[in-house]
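These notes are about the structure you will find just below.
The values are calculated or read from the model by the stated rules, or taken from the named source; none is laboratory data. All values reported here derive from a predicted model rather than from experimental measurement. In this analysis, Cβ positions are derived from the backbone assuming ideal geometry, glycine residues included, and neighbour counts consider all displayed protein chains.
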Amino acid sequence: MDLSNYLEMFIEESKEHLQAINDELLNLESDSENTAIVNEIFRSAHTLKGMAGSMGFDDLASLTHEMENVLDLLRNSKLKITPEIMDVIFTCVDLIEKMVDSIEQGGDGKENVTDVVLQLKRIQDPSAAPEIPDFLSASREVAATAEFVLDEFQSTVINEARRTGNNLYQIKVTIDERCVMKSIRAYLVFQATEELGELIQTNPSVEQIEEENFGDSFTLLMLSEHSSEEVHSKLINVSEIREVLVVEMGDQEPENTGSLPEEKVEKSESAPRPQDKEDSSGNKKKQRSKSIRVDIDKLDQLMNLFSELIIDRGRLDQIARKSHLSELTETVEHMTRISTDLQGLILNMRMVQVEQVFNRFPRMVRDLAKELNKKVQLIVEGEETELDRTVIDEIGDPLVHLLRNALDHGLETTEERMAANKSEEGKIQLKAYHSGNHVFIEVSDDGKGINRDKVLNKAIERDVVSDEEAKTLTDQQVYALLFSSGFSTADKISDISGRGVGLDVVKTKIESLGGLITIDSTPGKGSIFHIQLPLTLSIIYAMLVKSAEETYAIPFNSIVEITTAAENHVSTLQGQDVIQFRGQVVPLVYLNEILQVPATETSVKKQEQFIVIVRKGNMTRGIVIDAVLGQQEIVLKSVGGYLTNLKFISGATILGNGQVALIIDSNQFFN
């Protein structure tokens, strides 16, 4: 039986169940008397065991079975939860995660689990000195009993049918080895089964049987009001059927009850059966979800194709304006409306809740808090906030670094907190929310805050700033020094917060995503790291501008305002051209000089010049340009590996006239 088609679904659903187990175990630590939580953990472990057994990962199934035995004792109040038991179960979950990761990487999913199995055995029977089981034979036994794996809906159908007098039969059908078209004989058996009752599942699946991808026999699980003798008589009369073995299952369900990966369950249920048949309660069967799993590569390809459509739409729009043909103009306008709706739909398809990243942090914080001997409460808010999948994939590591930093450097020890009249338990908050076209993520703690003098002294010591510059820096500018390359105020380097790597890697990653990061801190009360990220990285709104004969795009998310200034309004302060803008001194950056654009007669300094005011955090800059062309929706394209060290460029886009315009990274003007 070839199960390779279901491997990806098995991995995805295994990770979901493992995450659920981790979450519930954390809840159980704080509410150890709640048996409902234990039941949830047991259910996920039970399902995971059944999936592993059905997929042939016998070691994984056997290890999960041992953990399940302990959970069964806990949920039946035959065992009391202790910190030691929780640690063993967490260790077991870690090993299962490693095995699933091994399978995902193409490995065999095997790990050395001897110690943890011994601990699980001793938890079950402290007086015994159990021998380590032979996993090969044990796993084969699990695989042998895992004839059928049921989901929750199938189990409900079986239970309801039994209440009304139906019997559950497991039927092994053997076809004559000389039969030429075995799939036809199997189909006739399905028809006969339909007349007798309801087919629940087949092994192998219906599709495999139809493709004759089985030996001489297959097994059915069915519900029927008829006796086993009647069922046998009906099926054995199908031509070229050599043997029919009917076993009534009694009051128990098949041993490995759980859920297969979604697609497998649905295919197994697609065997011929009466359509729209009502169950005994008079209610129609539960309708299946109409959602499907889509490979992310297909979504990326769809986005790339749509990006090309956006470029062609811009080209058509220019042609329509020049031609002055009303019919063409109307068609382009209609195409614009439809493509805008299509764009929203595609972008929504790519949006993923940040919960996908956040849900791994409670367990991480719990383990690090134990390692540091600190009492910590992690508060997570805004898990439903959505981000583009591309951003989600990249934001995890920076958040890990910030949380580790908060645990190690931000929060005091229990003794220090009590001496400062604080609660023993420190608090770390991870919060996400939408605002405009951005998503904001905040990592805050109620620890000791940032020592301004310590940061300044370290910066002066490392020649990051001079003594004179240090005297003029605001608190925000001092905190920003923490993002300098290799900068660390730690007295002792540890594995917890990055081994002295510093926060520069966090800043680099955030800015590569088109975002920015700032810090607020109050001594004795804590610190907050603010991260601002764009909703999507693929299609953005930008202002097209000209410098000499070159066209550039400046993303809207960094633009505050566009203004003009006469030449006599430009002043010089410490060798830097500046202007007064809304009561604030704004340094000017001349785009043609920064990018070394060849000057033309029209690009020399004019009496009045256009200035694009951009912002990063609390700082502003004015980008001096020659002309403003107007706003446009653009497709962000990478400039590739041939063009390196482009400090002020974040990418390129193709305009409607076919020209390539570079996209300005305004964050670089603040370095």
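For the stretch 92-109, a residue qualifies if it is crowded, with 16+ Cβ neighbours inside 10 Å and outside any helix (DSSP H, G or I), and exactly one does: G109. Is at least one residue of the stretch 298-313 modelled with pLDDT under 80, of a type in the set (G, A, S), closer than 19 Å to I539 by Cα and not assigned by TED's automatic domain parsing to the domain that holds A186? Looking through the stretch 298-313, at least one residue is modelled with pLDDT under 80, of a type in the set (G, A, S), closer than 19 Å to I539 by Cα and not assigned by TED's automatic domain parsing to the domain that holds A186. Determine whether the stretch 455-469 contains at least one residue that is part of a strand (DSSP E or B) and in contact with a helix residue (DSSP H, G or I) (Cβ under 6 Å, 6 or more places away or on another chain). Taking every residue of the stretch 455-469 in turn, none turns out to be part of a strand (DSSP E or B) and in contact with a helix residue (DSSP H, G or I) (Cβ under 6 Å, 6 or more places away or on another chain). For D108, the stated conditions hold: it is over 21 Å from the mean Cα position of the chain (by Cα), modelled with pLDDT under 85 and more than 22 Å from V357 (Cα to Cα).
Restricting attention to the stretch 327-368, the residues that are closer than 22 Å to G314 by Cβ and not charged (D, E, K, R) add up to 16.
Considering only residues that are closer than 29 Å to L63 by Cβ and among the aromatic types (F, W, Y), look in the stretch 129-185 and name the one that is modelled with the lowest pLDDT. Top of the filtered list is F135. A single member of K49, K78 is farther than 18 Å from L118 by Cβ and surrounded by fewer than 21 Cβ atoms within 10 Å (Cβ to Cβ), and it is K78. Collect the residues in the stretch 113-127 that are of a type outside the set (D, E) and part of a helix (DSSP H, G or I), keeping them in residue-number order. Across the stretch 113-127, the qualifying residues are T114, V116, V117, L118, Q119, L120, K121, R122, I123, Q124.
Residues that are more than 29 Å from G651 (Cβ to Cβ) number at least 1 in the following strands (runs of 3 or more DSSP E) confined to the stretch 546-637: 559-566, 571-573, 576-581, 584-590, 608-616. Of the candidates E68, E13, the single residue that is modelled with pLDDT of 80 or more, over 24 Å from K78 (Cβ atoms) and surrounded by fewer than 23 Cβ atoms within 10 Å (Cβ to Cβ) is E13. Any residue at all in the stretch 328-339 that's within 36 Å of the chain's Cα centre (by Cα) and aliphatic (A, V, I, L, M)? So far as the stretch 328-339 goes, yes, one or more of its residues are within 36 Å of the chain's Cα centre (by Cα) and aliphatic (A, V, I, L, M).
In the stretch 391-404 there is no residue that is touching a residue at least 40 places away in the same chain (Cβ under 8 Å), closer than 25 Å to Q477 by Cβ, of a type in the set (D, E, K, R) and surrounded by fewer than 17 Cβ atoms within 10 Å (Cβ to Cβ).
For the stretch 646-671: of the residues being more than 14 Å from L595 (Cα to Cα) and of a type in the set (A, V, I, L, M, F, W, C), which is nearest to the chain's Cα centre (by Cα)? Top of the filtered list is A652. Apart from one condition, A45 fits all of (1) in contact with a Leu (Cβ under 7 Å, 6 or more places away or on another chain); (2) in contact (Cβ under 8 Å) with a residue 40 or more places away in the chain; the exception is (2). Restricting the search to strands (runs of 3 or more DSSP E) fully inside the stretch 340-441 and requiring at least 1 residues that are over 24 Å from L26 (Cβ atoms) gives 351-353, 386-388, 426-435.
Across the stretch 541-579, which residue is nearest to F610 (Cα to Cα) among those that are in contact with a Phe, Trp or Tyr (Cβ under 7 Å, 6 or more places away or on another chain) and buried (at least 18 other Cβ atoms within 10 Å of the Cβ)? So the residue we want is V545.
None of I579, I559, I540 is within 30 Å of L347 (Cα to Cα) and touching a Leu at 6+ places or on another chain (Cβ under 9 Å) except I540. Mind telling me which of the residues S62, S77 ends up being hydroxyl-bearing (S, T, Y) and farther than 19 Å from L25 by Cα? Going through S62, S77 in turn, the sole match is S62.
In the set S650, S666, only one residue is in contact with a strand residue (DSSP E or B) (Cβ under 8 Å, 6 or more places away or on another chain) and modelled with pLDDT under 80; that residue is S650. Of note, I528 satisfies the criterion of being closer than 28 Å to I450 by Cβ, part of a strand (DSSP E or B), modelled with pLDDT of 85 or more and more than 23 Å from the chain's Cα centre (by Cα).
Only a single item in (1) among the small types (G, A, S); (2) surrounded by fewer than 21 Cβ atoms within 10 Å (Cβ to Cβ); (3) farther than 30 Å from Y541 by Cβ is not met by G426, and it is number (2). Does S444 count as closer than 20 Å to M364 by Cα and either in the same structural domain as Y479 (by TED's automatic domain parsing) or at pLDDT below 90 (or both)? Answer is yes for this residue.
Would the stretch 495-509 turn up any residue that is acidic (D, E), under 29 Å from the mean Cα position of the chain (by Cα) and modelled with pLDDT under 80? Yes, because at least one residue in the stretch 495-509 is acidic (D, E), under 29 Å from the mean Cα position of the chain (by Cα) and modelled with pLDDT under 80.
Kindly provide the set of residues from the stretch 161-182 that are surrounded by fewer than 16 Cβ atoms within 10 Å (Cβ to Cβ) and at negative phi, ordered by number. Selection gives R163, T164, K172, T174, D176, E177, R178, V180, M181.
For the stretch 67-78, the criterion of a residue being part of a helix (DSSP H, G or I) and touching a residue at least 60 places away in the same chain (Cβ under 8 Å) is satisfied by no position. A search for C-beta distances below 8 Å between a residue of the stretch 24-38 that is assigned by TED's automatic domain parsing to the domain that holds N76 and crowded, with 20+ Cβ neighbours inside 10 Å and any residue that is among the acidic types (D, E) and outside any helix (DSSP H, G or I), counting only pairs 6+ apart in sequence or on different chains, returns I37/D31.
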